[in-house]
1. Do we find a residue being out of contact with any strand residue (DSSP E or B) (no Cβ under 6 Å at 6 or more places or on another chain) and aromatic (Phe, Trp, Tyr) anywhere in segment 250-259?
2. Quick test for you: out of ASP110, ASP148, pick the one residue that is in contact with a helix residue (DSSP H, G or I) (Cβ under 7 Å, 6 or more places away or on another chain), of a type in the set (D, E, K, R), modelled with pLDDT of 95 or more and part of a helix (DSSP H, G or I).
3. Which number in (1) buried (at least 24 other Cβ atoms within 10 Å of the Cβ); (2) within 25 Å of TYR355 (Cα to Cα); (3) not β-branched (Val, Ile, Thr) marks the one condition that CYS254 misses?
4. Working carefully through the options ASN90, ASN78, find the one that is out of contact with any helix residue (DSSP H, G or I) (no Cβ under 6 Å at 6 or more places or on another chain), farther than 22 Å from ARG253 by Cβ, modelled with pLDDT of 95 or more and in a helix (DSSP H, G or I).
5. Of everything in segment 239-279, what is aliphatic (A, V, I, L, M) and outside any helix (DSSP H, G or I)? Give them in sequence order.
6. Just the residues that are crowded, with 19+ Cβ neighbours inside 10 Å, under 17 Å from LEU289 (Cα atoms) and of a type outside the set (A, V, I, L, M), please, taken from segment 331-348.
7. Can you pull out every residue in segment 253-312 that is of a type outside the set (A, V, I, L, M) and touching a Gly at 6+ places or on another chain (Cβ under 6 Å)?
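The values are calculated or read from the model by the stated rules, or taken from the named source; none is laboratory data. Owing to the predicted nature of the structure, the values given are computational and were not obtained by experimental measurement. Positions of Cβ are generated from backbone atoms using ideal geometry, with glycine treated the same way; all protein chains shown enter the neighbour counts.
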Amino acid sequence: MNKTLLIENGCKELMSYGVWDQKTRLKRFVKKTVFGRKAMPEDLIFWPTGLLADGLWHCRADLVGMCEDGRQEKTSDNGQTLEEIQRIENALTAYFERWRRKGMPLYFLDDLVAGETFLEQYLSQVSKADKESKAGHGRAAQYREAVDKMAVYVMEYAKDEAGSLLYRAGWDNGYVFADTIGIVCPFLYRYGMAFDRQECMEMAVKQIANFLAYGMDGVSGLPYHGYDMANGCKYGVIGWGRAAGWILRGMSRCFLSDYGRERLKEPFIRLVDQVLAYQRPDGAFSWQLQALEGPKDTSVTGMICAALKEGIELKILVGDGYRQAFVRGRDSLEKSIHDGRVYDCSGECEGFAQYPQRYGAYPWALGPALMVCENKTQA
């Protein structure tokens, strides 16, 4: 598996996925102005590219670590690694700048995934400024403005009576989606830690606790896709793979301090154990976890393995069983990678119980793969 190609494609898709061509712009214009219908905005930081940015940032961190701890012994390998670090940094800077020049619009909660990387870039710039006098202050101020805006947006966002974020403010329902756990909670928790905003960390944990209380199947312990507190109904299929992936993603990133660890460690381990019961013989996970003879899904496998990796590294998940499950999942994921693209990924969900059985190469498989797959840079 050529990690270099994975990085190159990740950088390319970061700047191209979801960008409208002229034909799309014309169709949207006609739909909105001629027929008066609502049209989705061109969201330059929507969640698929947010996952790509996150994967690239984690990949960069691993590459920097390789240089700093001496894992790169050959001069030629070290040079290639430095080039890859620079490629990632250039792509992430361009990604942020393109959005900033548009006025930093926030259309959906989904945009908060990109905020995780913007926050890490801010913290990196502040660190550089501390070491190099005033260098980087201008860029750091821009990132700070962006993440502050995101924090205000989510803290003031529409919620149900239990304080759970509604997936789409303005919709004529009270739907809470599992997606929101992985989309919002990592940013909120990290922001709260970075700027001593306990209320942000508390909101992140509340989102998770509420979903575990109201959105899970009582028999299998697996999540529904979502629920509505107003009518007490749960929606979508039980065990949709990406629902489990989103929840595990959100939980695993709240273990950076004792507040999250104390409240979420045990439920995280329980959910991991319930999910791993459905790991396929080939190491992958299916689009619906219980559908062991159905299509495997690399987005599900990647998201679950990324959470396993973080849980293991943070010593939340202890024991050979978790490591073996991670390795089996990672190896299965790598078998679906060809020419820097991650195949066998299910298409974008269109709503509760609307899971198109189209499989191909999508950013929501590539982003987690950048975190999970071994860092092999050889040609």
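1. Within segment 250-259, one or more residues are out of contact with any strand residue (DSSP E or B) (no Cβ under 6 Å at 6 or more places or on another chain) and aromatic (Phe, Trp, Tyr).
2. ASP110
3. Tallying (1) buried (at least 24 other Cβ atoms within 10 Å of the Cβ); (2) within 25 Å of TYR355 (Cα to Cα); (3) not β-branched (Val, Ile, Thr), CYS254 fails exactly one: (2).
4. None of the others qualify; the one that does is ASN90.
5. If the condition is that a residue be aliphatic (A, V, I, L, M) and outside any helix (DSSP H, G or I), then LEU256, ALA277 are the ones that fit.
6. Matches in segment 331-348: SER332, ASP344, CYS345, SER346.
7. Looking only at segment 253-312, we keep the residues that are of a type outside the set (A, V, I, L, M), and these are 253-255, 257-263, 265-268, 270, 273-274, 278-283, 285-288, 290, 293-299, 301-302, 305, 309-311.
If the condition is that a residue be of a type outside the set (A, V, I, L, M) and touching a Gly at 6+ places or on another chain (Cβ under 6 Å), then CYS254, GLN274, GLY283, PHE285, SER286, TRP287, GLN288, GLN290, ASP297, THR301, CYS305 are the ones that fit.
Matching residues to (1) modelled with pLDDT under 95; (2) surrounded by 13 or more Cβ atoms within 10 Å (Cβ to Cβ):
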| site | (1), (2) |
| --- | --- |
| ARG139 | yes, yes |
| VAL154 | no, yes |
| GLU161 | no, no |
| LEU165 | no, yes |
